[in-house]
Amino acid sequence: MAPHLGLIALSFTLSRLTYELHELLTPYVAYTQGVDLLFLPAGVKLVLIMVAGWRGALGCGLSLLSLSTRFWPDLEPVWLLLYSTLSVGMTWLVVGVMLRRMALGPTLEGLSFWELVQIDMLNTLLHGIVVNGYFWSLGLRSSESFWSAALAMTLGDFLGAGVIMLLVLLVARLIAPVRT
């Protein structure tokens with residue numbers, strides 16, 4: 001039980017810290033309410049869910065729920081809970097389906113760069129559509145701005161995940177240099 005709680009707490013903390021760091025970039029990358037053209041927390045969420053599974057999803061979901069009152073202060077807690085569940089659940093579902101489809105085990109051994117790009121592309125596209133559809137259903141997004149916001153969110157999440165993946169690769173190379 002302790003390792004599960006540790007991974008949940010680590011996921012919560014990393015997700016939260018990334019969002020706090022990302023707020024420094026928000027004035028430069030904001031597109032519309034809830035959509036940034038570069039969104040680093042999306043990359044951390046993807047990595048944590050790929051590495052820690054449901055524990056990563058739960059930690060990221062709790063972090064997003066705790067932060068969501070900042071950007072949707074007028075929403076009732078139940079709608080914020082559903083938003084957090086949809087956002088994290090979509091990534092968890094896509095990662096699970098894609099990893100099974102690619103026949104990768106829990107160590108992710110054999111995961112190629114292009115497979116990672118495929119997972120990220122599908123995840124960010126579906127996430128952008130589902131989350132903006134939810135915003136539209138709550139009256140937070142107009143029909144006219146739906147597709148532009150969904151595609152902007154897709155781009156921002158994809159680019160954010162790319163930056164985080166490059167950072168993970170850099171750290172991995174520093175910790176365990178490739179021997180030639």
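Any read-out appearing in this document is the output of simple, stated calculations on the displayed coordinates, not a laboratory observation. Since this is a predicted model, take the numbers as computed values, not measurements. Counting neighbours? That spans all protein chains shown, and the Cβs are built from the backbone with ideal geometry, glycine included.
Remarks
- Dipole magnitude of the chain about its Cα centre (Cβ charges: Lys, Arg +1; Asp, Glu -1), debye to nearest 20: 480
- DSSP H segments from the chain that extend 20 Å or more along their own axis, Cα-based, with Kyte-Doolittle mean of -0.5 or above: 2-22, 54-71, 77-101, 113-137, 146-175
- Measuring between their Cα centroids, region 136-175 and region 61-109 lie 13 Å from each other.
- Under 15 Å, Cβ to Cβ, from residue 32 - net charge with Lys/Arg +1 and Asp/Glu -1: -2
- Near residue 48, once Lys and Arg are set to +1 and Asp and Glu to -1 for all other residues with Cβ below 15 Å from its Cβ, the sum equals +1.
- Cα→Cβ-extended label distance, 7 Å offset, between residue 169 and residue 71, nm: 2.6
- Length-normalised contact order for the chain - Cα pairs under 8 Å, 6+ apart - percent: 30
- Taking the chain as a Gaussian network of alpha-carbon nodes connected by springs under 10 Å, the highest mean-square fluctuation of the residues 11, 66, 87 belongs to 66.
- Computed packing ranks the peptides 18-24, 111-117, 155-161 as 155-161, 18-24, 111-117, most packed first, by mean other Cβ atoms within 10 Å.
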